[in-house]
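Here's the structure we're looking at; comments come further down.
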Amino acid sequence: MSRAPRPVAPGGSSLNAARRARDLARTIGGPAVDVLVVGLGATGAGAALDAAARGLSVAAIDAHDLAFGTSRWSSKLVHGGLRYLASAQFDVAHESAVERGVLMERTAPHLVGAQPFVLPLTPLVSRGQAALAWAGLRAGDGLRLAARTARATLPAPRRLSAVETRHLAPALRGSGLRGGLLSWDGRVVDDARLVTAVARTAAAYGARILTRVRALELSGHGARVRDERTGEEGEIRARAVINACGVWAGGLVDGVRIRPSRGTHLVLRADRLGPLPAGLHIPVPGETNRFVLVLPQGDGRVYVGLTDEPVDGPVPDVPEVPETDIGFLLDVLGSALDVPVGRDDVVGAFAGLRPLLDTDADGGPGGAPRTADISRRHAVLTSPDGVVTVVGGKLTTYRRMAEDAVDAAVAARRLTAGPSPTAVLPLVGAASPRTLAALPAPRRLVRRHGTEAPAVHALGDRDPRLRAPVLDGHPVTRAELVWALRHEGALDEADLLDRRTRIGLIPADRAAALPTALDLLGEILERR
């Protein structure tokens, strides 16, 4: 296995307001960088890391925060592409399985682990459907093998008795339950934290990570931008430009047609469903290969999702969740659970917009396909003036998408750079499972911060107040908010509550935590 290059940035991986100010001053109106990346979701942050790790000078900007858009609204799954086998997208399935293994075994084992799922065999699941699902799970295990992911990383699927099924999912309705199918897939502890880790790793290799900088106009040689904190405008010059704005990509480059698809999740309190040692795949009645996921989060919450609905019209910064989506998900839950879950039990909801490439904007003779049927392949497009746009894909394959985008930019502008090293490049906090298990810090912190967990925990040694939770009944501590301000690029209370932690997914929790977040923010700003 090739050796990953070492980080070179003198400021290390820490992102904060002071570093942003320094990098911004030398970027706007300064000498041209090799690569300008627009968009700091998973793919944009990945492109910044990929280019910087190849030795190129990089500036990466976003109009908002890290992971502000679609990247924070996922199901938190790093999946092996099983669903793509059913539609004969074998290359997409294999790519997903390979990238899942890269994250779980090499680049982010602290953030991505194995998640068990139970598919209950209820009376609504025929024996033929059960046989088809079992064949699919076996094929999915074949993808794991083809991707060379170790059995120790992802256990084999197996059949469950009705008793075993109820043990792993006590909330299931026992009447008519024939058993279940147990499978394993990858799951990221927090998608926004994954993006933050990628961006910080890019910073360690010298990339300038600039949030709150909006691209007003793009060309093949740079961008006109505005600092959203001050309103000042200027130019960033670059030898190559990568547009990684996801569902907003078409607003900056002509000819890029995106067909957004809305994926909605519900947020429930975990005590409503009781113990959930495993997640659930609940078949959607009347659909052959579609499921609703029940995803325990380990922080007192459970996510239930997701939908796949086309979105027309202007793309909002934060999508709203329609009541029709909530009703659909609750109906599917009700088809399998013994515990009644009603509208009042939904304490939060979120929706992300998938940036699907519209390959048939006119719909053709039979009309446009359902968004659920559109390929999840990603595409790299180069405009006439040389802007490289990357769209499509999914969270699991962000690294490969970023690599392909940088390859295209290097080729289009004839930059001097070697091949991508990111398949073997550990992200900030990564280490072997043995090393992570031996760290002197709470397990929850290790799962979120990896090797930095002891440093986060030690903040409470110097100031015991920081050991206290931000919110009663939620595990996030005040130390984590301080760490986010000092090292993870958080600039305001929304960054803290909505992205560095996910407290804000429940509006009532966000309101209760807001005074503490504002107090800590004020203390940090006063010390600067």
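Just so you know, all these numbers are worked out from the coordinates, no wet-lab data involved. Since the model is a prediction, treat every value here as computed from it, not as a measurement. Backbone-built Cβ (ideal geometry, glycine too); neighbour counts: all protein chains shown.
For region 8-52, the alpha carbon positions stretch 24, 23, 20 Å along the principal axes, listed from largest to smallest.
Working from label points 7 Å from Cα in the Cα-to-Cβ sense, the Arg257 to Arg527 distance is 5.4 nm.
With a sphere of radius 13 Å drawn around the Cβ of Leu381, what net charge do the other residues whose Cβ falls strictly inside it have (Lys, Arg +1; Asp, Glu -1)? Overall, the nearby charge balance is -2.
Around Leu143, with a cut-off of 14 angstrom between Cβ atoms, what is the net charge of the other residues, counting Lys and Arg +1 and Asp and Glu -1?
Values: positive: Arg83, Arg100, Arg138, Arg144, Arg148, Arg151; negative: Asp91, Glu95, Glu99, Asp141, Asp185.
For residues surrounding Leu143, the net value is +1.
Packing order of peptides 438-444, 492-498, highest average first: 492-498, 438-444 (average count of other Cβ atoms within 10 Å over each peptide's residues). Separation of region 131-145 and region 13-32, taken as the distance between their Cα centroids, equals 48 angstrom. Given 0.36 nm per residue, what is the gain on full extension from Ala114 to Val347 after removing their alpha carbon distance, in nm? Value of the extension gain: 81.2 nm. Decide, for region 139-199, between rounded, prolate and oblate: order the square roots of the alpha carbon gyration tensor eigenvalues as a ≥ b ≥ c, take rounded if a/c falls under 1.5, and otherwise choose prolate if a/b is larger than b/c, else oblate. It is oblate, given that a/c is not under 1.5 and a/b is not larger than b/c.
Every Cα-Cα pair in region 234-296 was counted, and those over 16 Å apart are 70% of them. Legend: calculated FRET efficiency, Ser432 to Ala379, from the Cβ-Cβ distance at R0 = 35 Å, rounded to 0.05, equals 0.50.
Considering helices alone, the calculated mean residue ellipticity of the chain at 222 nm is -9500 deg cm²/dmol, with DSSP H runs of length four and up weighted by -39500 (n - 2.57) and normalised per residue.
DSSP assigns beta bridges within the chain; of those with both partners inside it, close to 75 percent run antiparallel.
Estimated at 0.36 nm per residue, the fully extended path between Arg26 and Ser87 surpasses their Cα-Cα distance by 17.1 nm. Within the P(r) computed for region 89-131, what percentage of the Cα pairs occupies the region above 17 Å? Percent of Cα pairs beyond 17 Å in region 89-131: 57.
Stretching the chain fully between Glu235 and Arg173 yields a gain of 16.3 nm (0.36 nm per residue, less the alpha carbon separation).
What is the ratio of the Cα radius of gyration of region 419-518 to 2.2 N^0.38 Å, where N is its residue count, to two decimals?
For region 419-518, the normalised Cα radius of gyration is 1.16.
Taking Cα atoms only, the orientation of helix 507-527 departs from the longest principal axis of the chain by about 30 degrees. Applying D = kT/(6 pi eta Rh) to region 131-268, where Rh is the Kirkwood radius over alpha-carbon pairs, T corresponds to 37 °C and eta to 0.692 mPa s, the Stokes-Einstein value obtained is 161 µm²/s.
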